[in-house]
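Encoded as structure tokens, the structure appears first; notes follow it.
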């Protein structure tokens, strides 16, 4: 194919039409212009795409959060100021419990995933036979479709026919209600999240471990430090930036978890809202109850929580990287 | 860190002696540790694989067998569930929809994302990169209401275009993020010497950098395909009866009064198997994509 920069192909071009404009001089001009502005020429399309799809909707959500819009976005709505925010912030039945669930879901899942992930990464760190197969096993949960994973766990945790209660029965422990229990549902969904996403933390931490230099570890060994001392005083401090990256990447997604919650408990996070996190709550307000004003207020607050926690983590990362 | 595939190579079984040889390490511990390590690894693998295996088993059982706890592992396998799901519920259409949306959105995102990532990497446009990466942070629901309103006014809801656009929104930040860390790791000298030899900057990008970035683009493309295939929330709102993707089809499966477990597990297997096969063959790309940018300071 013809390339802008080869004189050979320019000479064989027909002298008419748009391509005909590529006489040496004109070609030089266009090519020169493109090359001089390649920074924005390359970056602009993607940025405009994302900008149009984000900025306008976000602005609109902000506007909706200040109106009493409901039923249909097209229906007339009145400007009510910060009324929605006051309603939401004083709502102790749905909003604050949802905030609590979002934070405890994310917090507990993250702690489990990072601790388990670090243990598994350390197990995999030094080469061993059969490593290939372990790596395959780690990959599978990671790529499995979350909705299908939710359905899979629904069967496994089923109180009557589920495999988990069968196993418990074998060792004489009475079956638990798991997903259908008011107190156990959230914990069960956290377990699912840990099953699916610990592998991602393992991969990130393992990449970090392999890029560590061996000298500090070696030196500590010479000085007679045992394995635990070497891990807590040498490896872990060196790994902190990577750990924080893992928490950051995983945390953003954990806060926004929707698929497995909606797939296992349906609308409103179950009949008692057992697993209703902010994302599920906002989705329900928007698409099951059409309370656009309220849902927009919830979303803006949710967004602020996400940005806030990211900012805290980035600050922390800068502190430990020094 | 380099995103290049070679990254995982030294750890394969064959390469072990070569890696160990130059500096023989004192073994990490005693015999007891070795036994513990093997046991722990087996436990990890079982923990990760067993649920998937259970799903596969259940998809091969009749519903009577699923309810019979005596037949957990010993039963007569049947493909009836798959036949039901695939034929009666038209899953071939959903499979095609999922594939088409994932394929087109990935391809378009690569076209938009790779040059952008290049510019952002070479000119260190960190603030611009932040704009694109913002798309990963924002909760999807907050975009869905305005999108739904605009696209339904344009009579686009229920069409492929709007689904593809929404999935590009997921794919693009991912591709930009992965490709930026890839371009960061490519030496600048290659392009510079190409320019000394008479190529324009854009020419050097097309002739030198792009061909060298095939592995990075494969990484980004495969991951974005998987994310799009697995995406549920956007399709739940924006797909119509003709464009329904597999995750939504599976979700619809449980809205009936009593759950057909065998059929549901067959459907769940149908959606996960293709993506797992892709993952098995592209393992090293997925690993490098998941860990892209994680280890630089």
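Above 37 Å lies some portion of the pair distances; for chain B, what is it as a whole percent of all C-alpha pairs?
Summing the P(r) of chain B above 37 Å gives 33 percent of all pairs.
At a 10 Å Cβ-Cβ cut-off, how would you order A:318, A:265, fewest neighbours first?
A:318, A:265
Say we join alpha carbon atoms closer than 10 Å with springs in a Gaussian network model of chain B; which of B:39, B:204, B:235 then has the biggest fluctuation?
Comparing B:39, B:204, B:235 in a Gaussian network model of chain B, the most mobile one is B:39.
How crowded by other chains is B:286-292, given as the mean number of beta carbons from other chains within 10 Å of each beta carbon?
Neighbouring Cβ atoms belonging to other protein chains average 6 per residue here.
With springs only between Cα atoms under 10 Å apart, run a GNM on chain A and tell me which of A:221, A:94, A:38 wobbles the most.
Checking each option, the largest mean-square fluctuation is seen for A:38.
I'd like the mean, over residues of B:53-61, of how many other protein chain beta carbons sit within 10 Å of each residue's own Cβ.
3
Mean 1/r over all different Cα pairs, inverted: what Kirkwood radius does chain A give, in Å?
24.4 Å
So if each residue of separation counts as 0.36 nm, and I subtract the Cα-Cα distance between residue B:39 and residue B:78, what length gain in nm does that give?
Taking 0.36 nm per residue and subtracting the Cα distance, the gain is 10.6 nm.
Report, in whole Å, the centroid distance computed from the Cα atoms of the stretch A:204-245 and the stretch B:169-238.
32 Å
Of B:164, B:278, B:226, which is the most mobile in a GNM of chain B whose springs link Cα atoms less than 10 angstrom apart?
Looking only at B:164, B:278, B:226, the largest GNM fluctuation is found for B:278.
What's log10 of I(q)/I(0) for the protein assembly as shown at q = 0.05, 0.07, 0.10 Å⁻¹, Debye sum over Cα points only, no solvent?
-0.25, -0.50, -0.99
Order of A:262, B:82, A:283 from fewest to most other C-beta atoms within 10 Å?
Result, fewest neighbours first: B:82, A:262, A:283.
Over the whole of A:291-299, what's the average partner chain Cβ count within 10 Å per residue? Rounded to a whole number, please.
Mean partner shielding for this stretch: 2.
Report the FRET efficiency, 1/(1 + (r/R0)^6), for residue A:226 and residue A:72, where r is their Cβ-Cβ distance and R0 is 45 Å, rounded to 0.05.
E between residue A:226 and residue A:72, to the nearest 0.05, is 0.10.
What distance in nm separates the simple spin-label points at residue B:218 and residue A:30, each placed 7 Å from Cα in the Cβ direction?
Between residue B:218 and residue A:30, the label points sit 3.4 nm apart.
Using only DSSP helix segments of four residues or longer, with each worth -39500 (n - 2.57), what per-residue ellipticity at 222 nm results for chain A after dividing by its residue count and rounding to 500?
Per the formula, -22000 deg cm²/dmol.
Read-outs: derived from the displayed coordinates by stated rules, not from any lab. What you see is a predicted model, and the numbers here were worked out from it, not measured in a lab. Note: ideal-geometry Cβ built from the backbone for every residue, glycine included; neighbour counts use all protein chains shown.
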